[in-house]
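A.B. asks: Sending over a structure as C-alpha cells; questions will come in a sec.
The values are calculated or read from the model by the stated rules, or taken from the named source; none is laboratory data. Small disclaimer: the values here were computed from a predicted structure and weren't measured. All Cβ positions, glycine included, derive from the backbone under ideal geometry; neighbour counts span all protein chains shown.
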Amino acid sequence: MKSRFSLSLVLQLLFAVGTFAVTKIIPTTPGVGATTAQFYSGDSPYFDGPKLDFVNGTSFDWWYFDAVSSDGTYQLTVTFYTTVATTLGFATGFGTTNFVTFTAAYPNGTEYQQFGFAGPVTVSDGLFGIEGNWTGTGFSFTGTADLSYYRIDIDSPSLGIDGSFTFNSIAPAHYPANPYIPGENVSLHLSPVIGWANAIPDSVAVVDFTLAGVGEPLKFTGSGYHDKNWGIEPLPQAVKSWYWGHGHLGPYSIVWFDTLNYDGSEKVNGYLTWNGVIIAVSDSGLTARPTGANSTYPPTSTTGNPGGFHIVYNTKDGVFEADVAGQVAWEPALPVGGYTRWAGKITGGFVGQEKYTGSSVWEWIRFTL
C-alpha cells in the first residue's frame, strides 16, 4: 500500500515546529562594538550552537571535548575556539579569531600539542543535529540532535594529525543548575558574564589517531566529555581561579566547578548521576579543595600545582566524596597566572557506602591571585 506521508508533508511539519537549523558563519576578525550572549535556554531551541551574537575583542565561545583512558593514563583534549586568543589569557593573538587546539598525554609522560588556525567557521545547530567546521584546519565535529552521539574528524596533513574521536553518551545533558529539558527556560549562567552548557557529561569514548613524529598511535577507549563555555568579558577579568573536572567511577558520573571570584566569593556547580539517572544538578552543596603539596586555599600567587583534589557534594541521597590524583596532561605558558590540566584516577562514593575507582580529567585556571 502506498504511504500516505509525503516529503512535502514532512517538510511542512518540520517548518511548523520551527526552523530547520540556525547556521552561523564566523569571520576571522572580531566584530566592533558590544556583543550579546545567550544566557537563558529559552532564547534558542538548540542546545549546543553558538551563544554569541558575534565575536568581538572581549568575548569568547568554545566547544571543548576530552577523553581519558579507563586506567587514567592516556588523555586527549580537542577544543574549537571562536575568540581573540588574548581574551583567554594567551600572550598574543593568532591572527584569527578561529582556531583549534589538540593536546594529548601518553603513559610514558609524552605530552603532545598542536594549534590550528582556521578561516571562516561554520556552525549549524538544528533539528538534525550540530555540525562545526573550522575551515583550513581539517578539524570538524558533528553531533545528534538528542545529544546522544558526537564525532570529531581530523584530516590535517599540515599538523600531522589524522583520525577520529567518538562519544556515545551515558549521562544526560545539563545546564549549570538544571537538567536539560527541551522547552524549559532556565539560566545558563556559570557567572554573571560566563555561560555553560554540558552536552555530554560522560560517555564511552573511542580515540583513534595517528600523530606525525610520535611513534605510538593515540588509540584508546575510555570516558569522554563535551561541554561549551562562552563569555562577554575576557577570561582573566571574569574569573580569579577555578577548579573544574569530571570523572567516571563505577556506576557514577560526576562533574564539578568551584570558582573563586575577585570579590572573594565562591561559586560552585555540581552534577552527579548513577547509571545514567541524575541524582543531583545544582549550584550549591559542593566544594573542591586542593590536597597534598600546595594545598593552600584560597590559592595565592605563589601556590604551585596541588597533588590532587578532594570533592565533597551534598545531595538529597547523601554526601558524595571523591579524590583525584594523576599526572599533568597540559600546561601552556601564560603571561599572567596559569592553566594546568591533569588526567588520572578518581576514587570515591557516598559516605558509608561502597567506594569505586575510575578515571578523571580536571583543571585549574588562575589569573591574578
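A.B. asks: For the range 344-355: of the residues being within 24 Å of PRO107 (Cβ to Cβ) and touching a Ser or Thr at 6+ places or on another chain (Cβ under 7 Å), which is surrounded by the most Cβ atoms within 10 Å (Cβ to Cβ)?
C.D. replies: ILE346
A.B. asks: Of the residues GLY143, GLY132, GLY136, which single one is buried (at least 17 other Cβ atoms within 10 Å of the Cβ) and without any contact (Cβ under 8 Å) to a residue 40 or more places away in the chain?
C.D. replies: GLY136
A.B. asks: Within the range 77-116, can you find the residues that are surrounded by fewer than 17 Cβ atoms within 10 Å (Cβ to Cβ), under 30 Å from PRO217 (Cα atoms), of a type outside the set (S, T, N, Q) and without any contact (Cβ under 8 Å) to a residue 60 or more places away in the chain?
C.D. replies: PRO107, PHE115
A.B. asks: Further question: For the range 178-205, what are the residues that are touching a strand residue (DSSP E or B) at 6+ places or on another chain (Cβ under 6 Å), part of a loop (DSSP other than H, G, I, E, B) and of a type in the set (A, V, I, L, M)?
C.D. replies: Once the filter is applied, which keeps residues that are touching a strand residue (DSSP E or B) at 6+ places or on another chain (Cβ under 6 Å), part of a loop (DSSP other than H, G, I, E, B) and of a type in the set (A, V, I, L, M), the range 178-205 yields LEU188, VAL193.
A.B. asks: Being of a type in the set (Phe, Trp, Tyr), closer than 20 Å to HIS189 by Cβ and part of a strand (DSSP E or B) is the requirement here; does TYR271 meet it?
C.D. replies: Yes; evaluated as a whole, the condition is true for this residue.
A.B. asks: Just to be sure before I move on: is GLY231 in contact with a strand residue (DSSP E or B) (Cβ under 8 Å, 6 or more places away or on another chain), at pLDDT 95 or above and surrounded by 15 or more Cβ atoms within 10 Å (Cβ to Cβ) in the structure I sent?
C.D. replies: Considered against the rule, which asks whether it is in contact with a strand residue (DSSP E or B) (Cβ under 8 Å, 6 or more places away or on another chain), at pLDDT 95 or above and surrounded by 15 or more Cβ atoms within 10 Å (Cβ to Cβ), GLY231 comes out as yes.
A.B. asks: Please enumerate the residues belonging to the range 43-65 that are in contact with a His (Cβ under 8 Å, 6 or more places away or on another chain) and either polar (S, T, N, Q) or closer than 13 Å to ALA205 by Cα (or both).
C.D. replies: PHE65
A.B. asks: Can you tell me how many residues in the range 192-216 are free of Cβ contacts under 8 Å to residues at least 12 places away in the same chain and either more than 21 Å from PRO50 (Cα to Cα) or crowded, with 24+ Cβ neighbours inside 10 Å (or both)?
C.D. replies: 1
A.B. asks: Further question: Answer with yes or no whether ALA343 is touching a residue at least 40 places away in the same chain (Cβ under 8 Å), more than 19 Å from the chain's Cα centre (by Cα) and more than 21 Å from PRO236 (Cα to Cα).
C.D. replies: Answer is no for this residue.
A.B. asks: Looking at the range 161-174, can you tell me whether even one residue there is surrounded by fewer than 16 Cβ atoms within 10 Å (Cβ to Cβ) and part of a loop (DSSP other than H, G, I, E, B)?
C.D. replies: Checked the range 161-174: no residue is surrounded by fewer than 16 Cβ atoms within 10 Å (Cβ to Cβ) and part of a loop (DSSP other than H, G, I, E, B).
A.B. asks: Starting from the range 232-254, take each residue that is touching a residue at least 60 places away in the same chain (Cβ under 8 Å) and list its partners that are assigned to a strand (DSSP E or B) and among the charged types (D, E, K, R), counting only C-beta distances under 6 angstrom and pairs at least six apart or across chains.
C.D. replies: Cβ pairs passing all conditions: SER241/ARG366; TYR243/ASP258; TRP244/GLU363.
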